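Take a look at the structure set out below.
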């Protein structure tokens, strides 16, 4: 019995030992498994977090790459705000004027931590700013403008100061791509984007029309031609020491103005208030006695009314004529007998006067009424002149025949010349590219127009003509000179030349005008194949010279853009 109990006891002991050992082993395995599981959980968690971050950044990178990069160009700016004004472009689509996003620099004093440090930074970087005024504004603690209409460079400079109190207020600014080039035509806008001069003012409503915001206003002007004429005219002011000048290029068939230059000019981006009269638009607002240019009008009237032919001889032309209290004479001696065309070619005052007496006052009055020479010109700008009041008193008929005692604007004279040489059609000058005019009122007959073109060509080619320096090879230039006194200052000359080309069937009229030019003593002219120095101060020796240089520069551009100009005329034999 004891043995059996001993055996059972031994069995129990062994059994307990077995189960105990088995539990420990299992427990160890469970703990080991749990540790591994926890470790794996952490790895998976870290991997998941890491993968999530990569996924998020990848999505962001893809999103950024798919979006357009924010570059401060004009297309981006237009897509981010609604334009207040339409673009203005030239006849070829070249940009002239556009609204862009600009900034005012303002200051919020409450955000300036160290005012003394802020002032030091401003003094160092912007010494031109009014320090006393800024200190006063900072002390008052009110929001104020540091500088309005800042440039991009100024904005970057202010931003680099690292001051949170500097606020950049966005607004729309009108910029003019070519600065001075179109200053007398385009005009300007004020800070609220309202037109205050030029085309900007005249067409203010059209330019602010939201329905046409994406459609640029197209002008008749040509930027390349404007640049070339502007450059040549500026050089001429230096060459002849002139106080001012102007040039106008017009298509005589439809009145489109390809170039309008008035000097001195100014940078319209600066938006300065211009009060000096020397900066007026001399072509549209300047009112002048233009002298012998009017002789062409007298001749046209006489020919068109069959009072004379180009070969009619005016006999016994005196050297001078007494008209009331005035003595009228020629500046140089001419033969006593001259044909009608020679009177224009040589530019005889007395000969023209005698032809005018054949015409009479009534026909001249009708001519002025038709051409509106004595009225303000009609153009898409408000800067236009008012010819001085005109009364038909003693000797008016005689003096207006050669361009004295009567005033008008250069624009109106070129418009009349266009009608005289284009077959007699009265056209309207225009700065806006639009549908061509359909119906034309007649000024003179086609026959008279062709006859005039022939005579104007001889003014340039004839040995006694006054405009030989404009005889540019291949362009068949015709025209008429005019030398007169500036009616505002009798001590000053106004020298003008109106050229038309090609003279067989004119396409363009170019006016060149110089105010108070001097003799260019050091200039060597190529005059009819000979080299001579300048000694005279008439239009034939300065305005004509300048016109010749301009035509030589712009002629190839006009020829390329007008196929018939090159093919139909340049190959013809010169008349």
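Observations on the structure shown:
- Scanning segment 415-427 for residues that are out of contact with any helix residue (DSSP H, G or I) (no Cβ under 6 Å at 6 or more places or on another chain) and either farther than 22 Å from residue 365 by Cβ or modelled with pLDDT under 95 (or both) turns up just one, 422.
- For residue 246, the conditions (1) under 30 Å from residue 139 (Cβ atoms); (2) in contact with a helix residue (DSSP H, G or I) (Cβ under 8 Å, 6 or more places away or on another chain); (3) not in a loop (DSSP other than H, G, I, E, B) are fulfilled apart from (1).
The values are calculated or read from the model by the stated rules, or taken from the named source; none is laboratory data. All figures in this text were calculated on a predicted structure; none of them were measured in a lab. Every residue, glycine among them, receives a Cβ derived from its backbone with ideal geometry; neighbour counts consider all protein chains shown.
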